[in-house]
1. Compute the relative contact order of region 385-450 as a whole-number percentage, counting only Cα pairs closer than 8 Å that sit 6 or more residues apart in sequence.
2. Carbon-plus-sulfur fraction of the accessible area of region 371-503, 1.4 Å probe, in percent?
3. Helix 55-76: angle to the longest alpha-carbon principal axis of the chain, degrees 0 to 90, nearest 10?
4. When a/c reaches 1.5 or more, the comparison of a/b and b/c decides; with that in mind, is the chain rounded, prolate or oblate per its Cα gyration tensor?
5. When a/c reaches 1.5 or more, the comparison of a/b and b/c decides; with that in mind, is region 227-336 rounded, prolate or oblate per its Cα gyration tensor?
6. For the chain, what is the accessible area per residue in Å² when the probe is 1.4 Å?
7. Compute the angle between helix 413-428 and the longest alpha-carbon principal axis of the chain, please, reported from 0 to 90 degrees and rounded to the nearest 10.
8. Could you work out the relative contact order of the chain, using alpha carbon pairs under 8 angstrom and six or more residues apart, expressed as a whole percent?
Amino acid sequence: KDKAAIFDAHLMMLDDPELIGAVIGQIENDKVNAEYALKSTVDMFIGIFEQMDNEYMRERAADIKDIGGRISNILLGISDISLGEISEKCIVVAKDLTPSDTAQMDRNMVLGFVTDVGGRTSHSAIMARTLEIPAVVGTQNGTINIKNGDFVILDGDNGVVIINPEGKIIDEYNKKIDEIIKHKNELVIYKDAESITLDGRLVELAANIGSPKDIAAVLKNGAEGIGLFRTEFLYMDRDTMPTEEEQFQSYKEVLEGMKNKPVIIRTLDIGGDKKLSYLPIGEEMNPFLGYRAIRICLDRIDIFKIQLRALYRASIYGKLKIMFPMISGLQEILSAKEIIEEVKQELRNEGIAYSDEVQVGIMIEIPSAAVTSDILAKHVDFFSIGTNDLVQYSLAVDRMNEKISHMYDPYNPAVLRLIKMVIDNGHKEGIMVGMCGEMAGDQGAISVLLGLGLDEFSMSAASVLNARKLVRGLNYEKAQEIGDKVLNLSTSVEIKEYINKML
Ligand code: PEP
Ligand code: MG
């Protein structure tokens, strides 16, 4: 009932003479078409509401945006399809998909998707990997070249889309599908095997998740822990903040599901390409450099505390490690840890149990954190390197921009040197150094990262068995030699050629 009340408010806005009058006035006076008049009026109202001091009024900006978008779709004859409700098997072709669009997809109906924009590490691509939905992103012209009803081959491994192929090509790809299925079945023998090199170096192969629902795939693929739970997905696709109780139930479910294996839960990392309708951040020139993650949490301590309370309450159900995203320097760690102490004190006052064993770590994904990792290591229990952001910040290459995706390169010598610096500084203080960016699941990178001394590799669950097979065939001493050599090469082309030769 209270959710339906939102639509009453929307209906009232539709009748509002100020809104409608402004649109009609523009059509009559400026001789513009209805779609244009609507968009400029709605944008103006959104701007006004977003500037207001009152939080309730600021949140109304999202309502205006919603109704504006829906009227616009009606005017343009675009039907409003919910991706969660697709009822026939298909490949989705879109200009862009938000992470929550991807999260809603039904794996049984959506066989794959193609987008015009975005990069490999945009969150809709990361979600696709978690859900094992094949995807090709950043094609620039997919929506122009592909028409409804076309027969499409989508090869996510190689970033290839073939439209209306000949029978011969279809046969080739059917054979490839058989080979992939056979290879997957063969990997099952590695499910309970140790992640150990030929000469005895043991590492941890963990999984990245976005929801408790992902645990089934994590267990099926024999991951040794959760290296990153992106909790922001609990906050998405809804109209209000998840309550402490809702969050507690989700964290408990994950910790219990992982049966005392380590679980790294990252505190809210909203902003960038992940948005919440009910927490409008406003338009930013550079969202990935903007009001994001720990910056929001240290500003909105009310939101942060609810999450920390839920985490500490859940801590007694497994081996919890808490991780802060987007740390740029020591002060943020100290402030966040102070809030943790306040939360623990509150729980003690209320007689609520929590574990004393909870480790607190940080993501190293901003170059300033990598460069000062010797300082930061003294104040935390672990590091996890977030290469998705570290690459974009250190090379100044937007991870979402398909036009410069060829420059987004984890093998750039600058990135590899930063990674080495972080691992060495972490080890000097005796703390674990892991990685939860997409690079950790990249077959080519694993041997180098192993050689550089990485302790934990966290990736999409579907990549774990392949990684374990690879690690078990590697020699740590040899990998260290490869790592040393790579750090002395000058370009990523040389580095990739060298790695290919060695592997
Ligand atoms: C990263 O930046 O590498 C990371 C794991 O975090 P996210 O992809 O959610 O930004
Ligand atoms: Mg990140």
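The values are calculated or read from the model by the stated rules, or taken from the named source; none is laboratory data. Predicted, not measured: the structure shown is a model, and the values here were computed from it. Cβ coordinates were reconstructed from backbone atoms using ideal geometry, including for glycine residues, and neighbour counts include every protein chain displayed. The area values use the complete protein model at the heavy-atom level, side chains included, leaving out ligands, DNA and RNA. Shrake-Rupley method; radii C 1.70, N 1.55, O 1.52, S 1.80 Å.
1. Relative contact order of region 385-450: 38 percent.
2. Heavy-atom surface of region 371-503 belonging to carbon and sulfur, 1.4 Å probe: 50 percent.
3. 80
4. oblate
5. Details: a/c = 1.98, a/b = 1.49, b/c = 1.33.
Here region 227-336 falls in the prolate category.
6. Numbers: 24210 Å² over 503 residues.
Using a 1.4 Å probe on heavy atoms only, each residue of the chain averages 48 Å².
7. Long axis of 413-428 versus the principal axis of the chain: about 60 degrees.
8. 13
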